[in-house]
Amino acid sequence: MPSPNPLPPPLRDLVRLRRVRDRIDRDYAQPLDVEALARSVNMSGGHLSRLFRRAYGESPYAYLMTRRIERAMALLQQGHLSVTEVCFAVGCSSLGTFSTRFTELVGMSPSAYRRDRAGASAGLPPCVAKQVTRPVRNREALAAGPGLE
């Protein structure tokens, strides 16, 4: 009897990983955890984390937090919400964790970012503003730094 899924195992895994990544992109403001994401694609949490890191270079949680921080950056630039309101709007439940992660990824606190960047992307098409304001992890910035000299 033929297998119900004609794709070889590595391709099946990539399809499932893409579903997880798409769900994180779509539902970033919802409460998401690795175990729930793994169950949605019939994997264990540990297996999903290993495959996700191998495919995308970071854990599902780190990817989720990057999406949340990207959205937070856009909301902070608009300037009409407080840092606390932005924290909860992007799905974070702890202002401390949000501020720490924001500072790690962006290089400045959410308050400083809001103050310095309010209106910075005004007039740019959203697709360009998203690319220009995408957070760069400190380790990525350090890795790219010497190559620029």
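The values are calculated or read from the model by the stated rules, or taken from the named source; none is laboratory data. Nothing here was measured: the structure is a model prediction, and the numbers come from that model. Cβ placement follows ideal geometry from the backbone for every residue including glycine, while neighbour counts extend to all protein chains displayed.
From (1) farther than 24 Å from residue 23 by Cα; (2) at pLDDT below 95; (3) touching a helix residue (DSSP H, G or I) at 6+ places or on another chain (Cβ under 7 Å); (4) aliphatic (A, V, I, L, M), pick out the condition that doesn't hold for residue 83.
Against the list (1) farther than 24 Å from residue 23 by Cα; (2) at pLDDT below 95; (3) touching a helix residue (DSSP H, G or I) at 6+ places or on another chain (Cβ under 7 Å); (4) aliphatic (A, V, I, L, M), residue 83 comes up short only on (2).
Yes or no: residue 95 surrounded by 16 or more Cβ atoms within 10 Å (Cβ to Cβ), within 21 Å of residue 30 (Cα to Cα), of a type in the set (A, V, I, L, M) and in contact (Cβ under 8 Å) with a residue 12 or more places away in the chain?
Working: surrounded by 16 or more Cβ atoms within 10 Å (Cβ to Cβ): no; within 21 Å of residue 30 (Cα to Cα): yes; of a type in the set (A, V, I, L, M): yes; in contact (Cβ under 8 Å) with a residue 12 or more places away in the chain: yes.
Spelling it out, it is not the case that residue 95 is surrounded by 16 or more Cβ atoms within 10 Å (Cβ to Cβ), within 21 Å of residue 30 (Cα to Cα), of a type in the set (A, V, I, L, M) and in contact (Cβ under 8 Å) with a residue 12 or more places away in the chain.
Please go through the stretch 74-106 and pick out each residue that is among the β-branched types (Val, Ile, Thr) and more than 18 Å from residue 117 (Cα to Cα). Walk me through how you get there before you give the answer.
Narrowing the stretch 74-106 to residues among the β-branched types (Val, Ile, Thr): 83-84, 86, 90, 97, 100, 103, 106.
90, 97, 100 - these are the residues of the stretch 74-106 that are among the β-branched types (Val, Ile, Thr) and more than 18 Å from residue 117 (Cα to Cα).
If you check residue 29 against the conditions, is it outside the structural domain of residue 113 (by TED's automatic domain parsing), closer than 29 Å to residue 115 by Cβ and surrounded by 13 or more Cβ atoms within 10 Å (Cβ to Cβ)?
Criteria met by residue 29.
Looking at 65, 73, which is the one that is touching a Lys or Arg at 6+ places or on another chain (Cβ under 6 Å) and at pLDDT 70 or above? Steps first, please.
On the way: 73 fails: touching a Lys or Arg at 6+ places or on another chain (Cβ under 6 Å).
Checking each option against the conditions leaves just 65.
Of all residues in the stretch 43-88, which are small (Gly, Ala, Ser) and closer than 17 Å to residue 109 by Cα?
Matches in the stretch 43-88: 72, 74, 79, 82.
Pairs under 8 Å by beta carbon, first residue in the same structural domain as residue 15 (by TED's automatic domain parsing) in the stretch 34-47, partner aromatic (Phe, Trp, Tyr), six or more apart or different chains?
Every condition considered, the pairs that remain are 34/61.
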